[in-house]
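As structure tokens, the structure follows; a few thoughts come after it.
What follows is calculated from the coordinates using simple rules that are stated; it is not laboratory data. As the structure is a computational prediction, the values presented were derived from the model and not from experiment. Backbone-built Cβ (ideal geometry, glycine too); neighbour counts: all protein chains shown.
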Amino acid sequence: MEQSPPPSSCECERPEARHDVFEHTFVGVDQTGGRYADVSVERCRSCGKDWLEYRVEYEAFSRSGRWARGIVSPEQARSIKPEAAADILHGLNWYLYGGSYFDGAVGRKSGPMKWSP
């Protein structure tokens, strides 16, 4: 279910936040269903919130790139396994998303996201 963006208390909560707002830690690759998604934990340089980021792109399909980023607890950030990342995002109250799959649109949603091509 798509939702309108909340009033942002920090730059990191905006879907179009620049990557230099975050410190990135690569967690690994989720190979579930042949996705080969890049999974990272990002920490906002300003407010310190931890975010789980999940990125997928299928080279054989144009405009297939998509990403999602959601706030996780510090405990989750320390223990995330790549294979669990998509389910963690789907279980959050909301997360941000975007990519070429959405014609460059960015937004906020909850629930499952389509990761396959």
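Below is a table of values for the structure above.
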item: Local net charge near residue 87, Cβ-Cβ under 11 Å (Lys/Arg +1, Asp/Glu -1); result: -1
item: Which of 44, 10 has the fewest Cβ neighbours within 10 Å, and the rest in rising order; result: 10, 44
item: Rg [Å, one decimal], Dmax [Å, integer] - segment 12-62, C-alpha atoms; result: 12.7, 38
item: Net charge, residue 30 excluded, C-beta distance under 12 Å - Lys, Arg +1, Asp, Glu -1; result: -1
item: Selection from 26, 73, 36, by position along the positive dipole direction of the chain (Cβ); result: 73
item: FRET efficiency estimate (nearest 0.05) - Cβ-Cβ, residue 24 to residue 81, R0 25 angstrom; result: 0.90
item: Tail beyond 20 Å, pair distance distribution of segment 9-117 (Cα, percent); result: 34
item: Summed side-chain charge close to residue 102 - residues other than residue 102 whose Cβ falls under 10 Å, Lys, Arg +1, Asp, Glu -1; result: +1
item: Sum of -39500 (n - 2.57) over DSSP H runs of 4+, divided by residues of the chain (222 nm, nearest 500); result: -2500 deg cm²/dmol
item: Karplus 3J(HN,Hα) series, Hz, for segment 67-73 with 6.51 cos²θ - 1.76 cosθ + 1.60 (x for Gly, Pro); result: 9, 9, 9, x, 6, 10, 6
item: Residue 59 paired with residue 32, simple spin-label distance in nm, labels 7 Å along Cα-to-beta-carbon; result: 2.4
item: Sorted by Cβ density within 10 Å, fewest first, the residues 103, 30, 38; result: 103, 38, 30
item: Contact order relative to length of the chain, as percent, for alpha carbon pairs under 8 angstrom and 6 or more apart; result: 25
